[in-house]
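Beneath this line is the structure, given in structure tokens, with notes to follow.
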Amino acid sequence: QVQLVESGGGLVQAGGSLRLSCAASGGTFTTYAMGWFRQAPGEEHEFVAAITWSSSSTYYADSVKGRFAISRDNAKNTVYLQMNSLKPEDTAVYHCAATIGSGSRYYYEYDYWGQGTQVTVSS
């Protein structure tokens, strides 16, 4: 059983930056591809970014491409999401997730989820 704990959310002005972290425990981190999803109030889970276990491939939603960067440090069992040029529409709860697969845009393919961290971008 893998436990995931996100941190780094907060309130930021439009154009600012935040770095989210997701610490994993209870499993072999390199077994899993990792993803970030977000959910705004009343909305479905939205794919943000994913990364394979070896960091050989990364995937991004079109809405964040060029502004966000996903990375991982397997020695620290941690995945990161660097968010730059933030916009009010990026406001959501951000969740990290782990999958045995090779990395996916689909939330139902992920096996483990963190509780989430709130990101609020003011205009």
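Read-outs throughout are calculated quantities, based only on the coordinates presented, and are distinct from any laboratory measurement. Being a predicted model, the structure only gives us computed values, none of them experimental. Cβ atoms come from the backbone with ideal geometry, glycine included; neighbour counts cover every protein chain shown.
Can you tell me the relative contact order of the chain? Whole percent, Cα pairs under 8 Å, sequence separation 6 or more.
Working: 315 pairs, mean separation 44.3, N = 123.
Relative contact order, the chain: 36 percent.
Given DSSP loops and a limit of at most 16 other Cβ atoms within 10 Å, what is the longest stretch of the chain that contains no such trypsin sites (Lys or Arg not before Pro)?
1-64
Under the Karplus relation 6.51 cos²θ - 1.76 cosθ + 1.60, θ = phi - 60°, what is the ordered set of whole-Hz ³J(HN,Hα) values for the range 80-92, x standing for Gly and Pro?
10, 9, 8, 10, 10, 6, 5, 10, x, 6, 7, 4, 4
Under the Karplus relation 6.51 cos²θ - 1.76 cosθ + 1.60, θ = phi - 60°, what is the ordered set of whole-Hz ³J(HN,Hα) values for the range 61-77, x standing for Gly and Pro?
5, 4, 5, 10, 4, x, 10, 10, 9, 9, 8, 8, 10, 5, 5, 9, 6
Given charges of +1 on the Cβ of Lys and Arg and -1 on the Cβ of Asp and Glu, with all other atoms neutral, how large is the dipole of the chain about its Cα centre, in debye to the nearest 20?
Numbers: 8 positive and 10 negative charges, 75 e Å.
Dipole magnitude for the chain comes out near 360 debye.
Hand me the GluC sites (Glu not before Pro) from the range 1-108 located in a DSSP loop with no more than 12 other Cβ atoms within 10 Å, in residue order please.
Filter output for the range 1-108: 43, 44.
With θ set to phi - 60°, apply the Karplus curve 6.51 cos²θ - 1.76 cosθ + 1.60 along the range 102-108 and write out the HN-Hα couplings as whole Hz, x wherever there is a Gly or Pro.
8, x, 9, 8, 9, 4, 6
For the range 77-121, run through the chymotrypsin sites (Phe, Trp or Tyr not before Pro) and keep only the ones in DSSP coil with at most 13 other Cβ atoms within 10 Å of their Cβ.
For chymotrypsin sites (Phe, Trp or Tyr not before Pro) across the range 77-121 that sit outside H, G, I, E and B with at most 13 neighbouring Cβ atoms in 10 Å, the list reads 106.
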